[in-house]
Structures are given as C-alpha cells and as structure tokens.
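A short worksheet on the structure shown next.
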There are 2 protein chains.
Amino acid sequence: MCVTCSSTFKKTSHYKSGFNSLHSLTAIICFLSPPFMAGGLSHFHGRPSFLTISRSNPSRPSLCHRPITINMTQTQTQSQTQSYWTSIEADIAAHLKRAIPIRPPVSVFEPMHYLTFAAPRITASALCIAACELVGGDRDQAMAAASALHLMHAAAYTHEHLPLTDRIRPKPAIHHAYSPNVELLTGDGIIPFGLELLAKSIVKNGSNSDRILRVIVEITRAVGSEGVVDGQYKEFLCSQSKGEESWNLGDIEYVCKKKEGGLYACGAACGAILGGGSEEEVQKLRKYGLYVGMIEGMLYGVGRNKKGMEGEVEKLRGLATKELEIFNGRKIEKICSLVQAGLCSV
Amino acid sequence: MCVTCSSTFKKTSHYKSGFNSLHSLTAIICFLSPPFMAGGLSHFHGRPSFLTISRSNPSRPSLCHRPITINMTQTQTQSQTQSYWTSIEADIAAHLKRAIPIRPPVSVFEPMHYLTFAAPRITASALCIAACELVGGDRDQAMAAASALHLMHAAAYTHEHLPLTDRIRPKPAIHHAYSPNVELLTGDGIIPFGLELLAKSIVKNGSNSDRILRVIVEITRAVGSEGVVDGQYKEFLCSQSKGEESWNLGDIEYVCKKKEGGLYACGAACGAILGGGSEEEVQKLRKYGLYVGMIEGMLYGVGRNKKGMEGEVEKLRGLATKELEIFNGRKIEKICSLVQAGLCSV
C-alpha cells in the first residue's frame, strides 16, 4: 500500500503498474517523499520500490573503506534525486511512446504498445541514462539504449508469464489482456524492435556507429542465453524442483546475477559507452549496475521473502558504493542514491 | 519421397531434416540431379524442394520480356549450380557450428545448438551469400548475416510449434526434444544471439560498421512486428477462424509476403549491402528475394495444397527473373536457378 495516497499495489495486477499507469508518477513521488525516502526507486517488479534496507547491524562498518563525501544537505539531495529519476523515467516513456504509436497493422501494434507500457518498469533503463550523464554524455545519446533495455525486459516479462503446459508452478497470476499466442508473438516482435530502435539511433555522420554496435553486443549478451535467459531457466528449474521455500543462497545469487544483475550491469555499461566514458569508467559502472541489480533481485525478485537476504544485500551495497569511488568529485549523489542514500548525505 | 535414394521426408519429422541431418546433402544431390533438376533448392519446410513448377499453360510467354541469355550447356549449368548451393549451405552450417559450440551452461546451450541445427533450413540464408557474391563481394562478408537469418528463422519456427492453450488448430506435430518452457526460452535466446553474431562481425578497422548497422535494421524489421511476426499472426487468425481449406488468395499472399517473402527479400538485400552493391542492385535483389520467398510460401508454406497457386507462382517467377535483368552480363545463372532453371540454359 502506498502510505501517502492510500493506493494499493496488488501482486495480481503487475501489468497495471507500468508506464501506462497514471498512478505511477504519483506513486514515485509518494515513495520518494520523506519520511519514505531511504534509497532510490526501482520498478522491476511492478511498483516503485527501494533498494536500501535497514541494516541488521548498524554498527558494522560499510564495505566502502573510503566513504564518499558530498557537501549537500539531505533535503536538497533528496529533492534533486527525486526530480532527477522522475525526469529520466518520463523521458524514456515519452521516447517509447513516440517509437511505438498504434499504427497498422493494429492487430500487431496495439498489443505491442500495450505490453510494452504495461510491463513493470526497470531501473536498468534509468541507470543507463544516469551512467551516460555521469561520464559527461548527453541524455539523448543513451535514450535509444535505455528504451531498448525496457523493451527487452518487457518481452522477457511477457514470455515469463505465458501459460505453458509444463509450468506446474506458474508465476503469480497477472492480468492477460491478450491470448497466449498473441502475447508470445508480441514478445517475439518486441525483441527485434528494441534492437532496431537502437541500430537506427546512429547519428547522421555515423560517428557513433562503433559505439552503437558495441552496445548492441552488450544488450544481446545480457538478455540472451548467457544472461537473462540463463537466469530464467535456472529459476524455472529451481521453482519446479524445489518450490519457493527451499532455494539455497547459491541459487538465488545465480538467478539475481543473471537476471536483474546482468540487465542493470548492461544498462550502466551501455550508458557509459554511449556517453564516451573511459574503459575504466565503463567497467566500474558495469560492476555498480551488477550489484544494484542483484540487490533488486534479492529484495523484490527471486530472493523476495527468502531468509538471509539482508546480510547479502548489505554486502552488495558496500561493494556497489565502492565502485563509484573513481567518480569522486563529480555529482554522484543521484546515481549513488540507488543504494546509498545515507552515504550521499554524509 | 526422394526418388533417387528412396528416403522418405515425413511431415512429422521436420526437426530431423535441418543442418544436423546427414541425409540432407545427399538429398540435395538427389533432387538436383537430372531429371529432377527443375529449379533451385529450398529448405524452408524441412526438406530440399523446388521453386519451379510445371506451367499450367506452357505456350503462355513468361512475364520476363527480355529473356536473359547465358551461353552454357544445361549440364554445365546444373553441375555448377548444384555445387554452388551445396558449398554455401555447408559454409553456413560450419559457421553456425563454430558459433554455437555446446558449452556451459550446457542446459542452455545444448537446446540452443539442437534447435538451431534441427530447424529446417531456409534458402534465404544462402540467397544472402549469393547476392553478396553477385554484386562482387566475398562470401565471408555476408556469412554472419546469413547465419543470423537462419537463427531468426529457427527461433520463429520453434515458437510457432509451441503448445499454447489457445492454439486450437495447432501446426502439424513435430518432434519436441525439449519441454515447452525450454523451447520458449531457447527461442528467446536465439534471437539476440543471432544479432550479437552479426554485430560482432565488424572488421578490425571498423570500416563495415555502417553496413552492419543497416543490415541489423533490415533483419530486425523483417523478423519483427511488421514482418514475420505479422505474417504469423495473420496465419494464426486465418487458421483459427477458417480452417485450412477456406483461405482466400489475399490471405495467402499476405502471409507469404510477410513470412517467406520478407525473409528472402531481407536476405538478398543484406547480401547486396554487405557485398558493396549499389542502391539499385540492393533494391533489385530485394525484390527478387521477395518473389522467390513468396513462391516458396505458396508452394511449401501456407499456400501448400491450396487451389490457384500455380498461376500465381508462374507470375512471380516472371517478376523475379525480370529483377535480375540489370545484372545481365554477370554470372547470374546460379542465383537465377532458384526460379528459372529453364531460362538459365537458353
């Protein structure tokens, strides 16, 4: 339940909480406003959420050995952070809406439009933009990649919820606006569309073509057989053989690393590549994204409601923050807010 | 039944007649040897086949008003054509085998390998290579695109045969080596893998990056929501509402144009782009591919066993041949053999 506006986010209505929902932006504001502002926002599982949890042992030092210091008041930081992520989300949604108008054949583009905007948002897309800006790039340079990431996720999410005959323990029920066949085909159409969008984002003089090609390789790897698909497969195997309760930590880590971790790592790396970051910056942001994504998966993905997550998340927060040390001196409080709201106001 | 070697190609064993089958190359030779040599070879539906059919009215002139003349004996042409297509198919298969070794995670790559090679071959891939060579390019320049086209087709074929709850008139049964969930996820992995393969085919100095990006746009469009997916959706709607017998010609043409037509057009255009063809050559070969693919769809795809196809195919043969006129003077007998074996030996 959203404490401020009293709206309820039901588990069975994931499809209603994506870009399409007028509720979403209100909800972001609700959650990010003090006293609810504790970290960043994340939407992988259908609603604005937080990556920061209360420490099990507040006296334990962070794994970040050289805390990053930023001279801003907490209120200033929170306010700027809030408007920053909100503006990114709005820009990505606007870009996608322009890219996927409902046009002929309507029987194909209407479900494509619907499933794209109904799929829960992921912060990996926003992280792509933030990483681009952090290394000195313009938002526009990463917009196609950020949109492509959302499209890849929307396709995976749609296929993940298809009613197949061997899914004996299906995912939580969601509202299906279309028949299984249409949802299958629409997912199949969304994947190449996302990559087409990216390939077409080459600038007129072609000067960014090598970067675009590199980003295509990054995204296809992250969503393919060594990435999200591998994680989905492992999740399927574990949930079919073990049920929800008896996953071990190794399984959870594996799935979180391949699914959310891989997608967030990819988003951050792609943003840095497109923004013209150095190789060191690309790799640091990739790792930062990996840890942020894994936290997301542990709190709201496959690790949700499972024991022992708090300690793991705490470790990952420290590791993530450490990756941002090389950017010290730049305005990192926004990107940093995804895991370390506390540190950002030190 | 293969008349020469007496092997039978069963409708229910499509998966056994792809690249993996040792029978395939033998079968190609069987079919291409006189007196069976009547056209080119095609594998869209799981077995070597012909695109040329006997004319309903042999006295009617071809739609090609200026017949292309090639001074070769029929035997020479047939022999060279046979070895040409066989060598292309073998090269594509070898390229794919190197690209998809069975490696960890085996649970993911084993089905990927299997479904890639078990899917029936399509001539669109070979046409991509042939178009590249026709405009003066090297085979290697188009190999990644040709392989990507096969991978896109393999993914579409796999998903097309998934047992979904709303497929009340499913496609003819095929052997499923894996569970529906694994086949769904594998298809999802194959699509980005094909595009990754293509994006990585950039040469060291990056001089082909603009061409590669253009080809990525071509392929993603051809297989996406305005291409193969649109055709699959129309086919699904028609087969569910009308049954196999009551399709009208417009429906058949639409599906053939979007599925086989679009894929073959894309293959030919991509080959020409990568081989450095002029814009006119790219567009002529695109149209040639469109007609060849539509013939394929009418004879062996959705038009199979439906009335009125012979006349349409005859028209398309004429149109296809006409598109090759601008190449007169070059060695077009090989690519031309896909529709016009007769003309090639005039």
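Coordinate-derived values only; no laboratory data. The structure presented is a predicted model; accordingly, all values stated were derived computationally and were not measured. So basically every Cβ, Gly included, is an ideal-geometry build from the backbone, and we count neighbours across all protein chains shown.
Ranking A:Thr165, A:Val182, A:Ala154 by Cα position along the charge dipole of region A:62-344, where only Lys, Arg, Asp and Glu carry charges on their C-beta atoms, puts A:Ala154 farthest toward the positive end. Averaged over the residues of peptide B:196-202, the number of Cβ atoms from other protein chains lying within 10 Å of each residue's Cβ is 6.
At a Förster distance of 22 Å, what's the computed FRET efficiency of B:Glu110 paired with A:Thr165, Cβ-Cβ distance as r, to 0.05?
Details: r = 21 Å, r/R0 = 0.97.
Calculated value: 0.55.
Can you flag which of A:Lys97/A:Lys234; A:Lys200/A:Lys234; A:Lys97/A:Lys334; A:Lys287/B:Lys204; A:Lys334/B:Lys200; B:Lys258/B:Lys334 are past 30 Å Cα-Cα? From A:Lys97/A:Lys234; A:Lys200/A:Lys234; A:Lys97/A:Lys334; A:Lys287/B:Lys204; A:Lys334/B:Lys200; B:Lys258/B:Lys334, over 30 Å: A:Lys97/A:Lys234; A:Lys200/A:Lys234; A:Lys334/B:Lys200.
Let me confirm one metric for peptide A:207-220, namely the mean number of other chain beta-carbon atoms within 10 Å of its residues' beta-carbons.
On the way: counts 0, 2, 9, 5, 1, 5, 12, 4, 1, 9, 8, 2, 4, 11.
Other-chain Cβ atoms within 10 Å of each residue's Cβ, averaged: 5.
Sorted from closest to farthest, the other copies place their B:Leu249 label points 7.1 nm away, with each point set 7 Å from Cα along Cα→Cβ.
Do me a favour and compute the ellipsoid semi-axes for region B:118-197 from its Cα gyration tensor, root of five times each eigenvalue, largest one first, whole Å. Kindly include the intermediate steps, with their values, before the conclusion.
Details: eigenvalues 182, 36, 14 Å².
Rounded to whole Å, the semi-axes are 30, 13, 8.
Distances from B:Lys200 to itself in the other copies, using label points 7 Å out along the Cα-Cβ axis, amount to 2.7 nm in increasing order. Placing +1 on the Cβ of every Lys and Arg and -1 on the Cβ of every Asp and Glu, with no other charges, gives region A:62-344 a dipole of roughly 200 debye about its Cα centre.
Take each peptide in A:265-276, B:215-226, count the other Cβ atoms within 10 Å of every residue, and average; sorted highest first, the result is A:265-276, B:215-226. Using a 7 Å offset from Cα along the direction of the beta-carbon, what are the separations from B:Glu280 to the same position in each other copy, nm, ascending? Reported distances to equivalent positions: 5.5 nm.
What's the average, rounded to a whole number, of partner chain beta-carbon atoms within 10 Å of each residue's beta-carbon in B:262-269?
Numbers: counts 0, 0, 0, 0, 0, 0, 0, 0.
That works out to 0 on average.
The separation of region A:188-213 from region A:222-276, counted between C-alpha centres, amounts to 24 Å.
Spin-label pair B:Asn328-A:Leu237: with each label point 7 Å from Cα along the Cα-Cβ axis, the two points sit 6.1 nm from one another.
P(r) tail, region A:62-344: Cα-Cα pairs separated by more than 24 Å, 51% of all pairs. For region B:119-269, relative contact order (Cα pairs under 8 Å, six or more residues apart, normalised by length) works out to 31 percent.
Compute, for region A:70-211, the length of the dipole vector about the Cα centre, with Cβ point charges of +1 (Lys, Arg) and -1 (Asp, Glu) only. Units Debye, rounded to 20.
Values: 11 positive and 12 negative charges, 21 e Å.
It comes to approximately 100 debye.
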